[in-house]
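A short write-up of the structure that comes next.
The values are calculated or read from the model by the stated rules, or taken from the named source; none is laboratory data. What you are looking at is a predicted structure, and each value in this text was computed from that prediction instead of being measured. Using ideal geometry, Cβ is built from the backbone for each residue, glycine included, and neighbour counts are taken over all protein chains shown.
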Amino acid sequence: MVAMVTSSVMTPDHPGWSEFIRRLSGPEGVHLLYDEHGYVDLERLTCESRTFTKAAAILADMPGVDGEGSLQWFREQGAYCDCNVAVYIAQVPPRDLERWKLSIKWR
């Protein structure tokens with residue numbers, strides 16, 4: 001008997017969230033590094049502004065993940081590019097996402 005794999009949206013509650021964020025934050029993704037003051041090192045960040053190209057590629061490589069549904073969920077949380085997901089959604093506790101979403105400015 002073949003087990004059915006259910007497609008699910010990638011959120012902080014998803015069992016693959018840690019792997020997804022690790023990959024998106026690393027060299028495969030936006031190469032998220034911080035400077036000596038704790039700020040994102042923008043010179044080494046490899047985000048393609050206003051796209052989810054890297055997130056989509058990583059999600060496509062993760063079995064059972066609804067890539068399009070996940071990207072839509074990121075947009076609903078206020079993200080508009082790969083680095084927004086890695087920097088903000090990954091680091092904002094789920095209970096605070098609604099407040100964060102209301103506080104950002106859409107570009």
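Scanning the stretch 21-39 for residues that are outside any loop (DSSP other than H, G, I, E, B) and in contact with a helix residue (DSSP H, G or I) (Cβ under 6 Å, 6 or more places away or on another chain), which turns out modelled with the lowest pLDDT? Break it down into steps so the answer makes sense when it comes.
Filtering the stretch 21-39 down to residues outside any loop (DSSP other than H, G, I, E, B) leaves 21-25, 34.
Filter once more, so that each one left must be in contact with a helix residue (DSSP H, G or I) (Cβ under 6 Å, 6 or more places away or on another chain): 23-25.
Details: Arg23: 95, Leu24: 95, Ser25: 91.
Step by step, filter the stretch 21-39, then rank; the result is Ser25.
Would you be able to say whether some residue in the stretch 48-59 is surrounded by fewer than 14 Cβ atoms within 10 Å (Cβ to Cβ), assigned to a helix (DSSP H, G or I) and polar (S, T, N, Q)? Steps first, please.
Going through the stretch 48-59, the residues surrounded by fewer than 14 Cβ atoms within 10 Å (Cβ to Cβ) turn out to be 48-51, 53.
Narrowing further to those that are assigned to a helix (DSSP H, G or I): 53.
If we keep only those that are polar (S, T, N, Q) too, we end up with 53.
Yes, the stretch 48-59 contains a residue that is surrounded by fewer than 14 Cβ atoms within 10 Å (Cβ to Cβ), assigned to a helix (DSSP H, G or I) and polar (S, T, N, Q).
Okay, residues lined up against (1) touching a strand residue (DSSP E or B) at 6+ places or on another chain (Cβ under 8 Å); (2) among the small types (Gly, Ala, Ser):
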site: Pro12; (1), (2): no, no
site: Arg22; (1), (2): no, no
site: Glu28; (1), (2): no, no
site: Leu32; (1), (2): yes, no
site: Asp35; (1), (2): no, no
site: Tyr39; (1), (2): no, no
site: Ala60; (1), (2): no, yes
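Output the number of residues of the stretch 41-65 satisfying the condition of being of a type outside the set (Gly, Ala, Ser) and either closer than 13 Å to Gly26 by Cα or without any contact (Cβ under 8 Å) to a residue 12 or more places away in the chain (or both).
Looking only at that region, the number is 10.
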* All positions within the stretch 72-100 that are surrounded by fewer than 19 Cβ atoms within 10 Å (Cβ to Cβ), of a type in the set (A, V, I, L, M, F, W, C) and modelled with pLDDT of 90 or more -> Trp73
* To do: Please work out which one of (1) within 20 Å of Ser8 (Cα to Cα); (2) touching a strand residue (DSSP E or B) at 6+ places or on another chain (Cβ under 9 Å) is the condition Ile89 fails and give its number.
  => (2)
* State which residue is modelled with the highest pLDDT when the search covers only the stretch 1-10 and only residues that are touching a strand residue (DSSP E or B) at 6+ places or on another chain (Cβ under 7 Å) and hydroxyl-bearing (Ser, Thr, Tyr). => Ser8
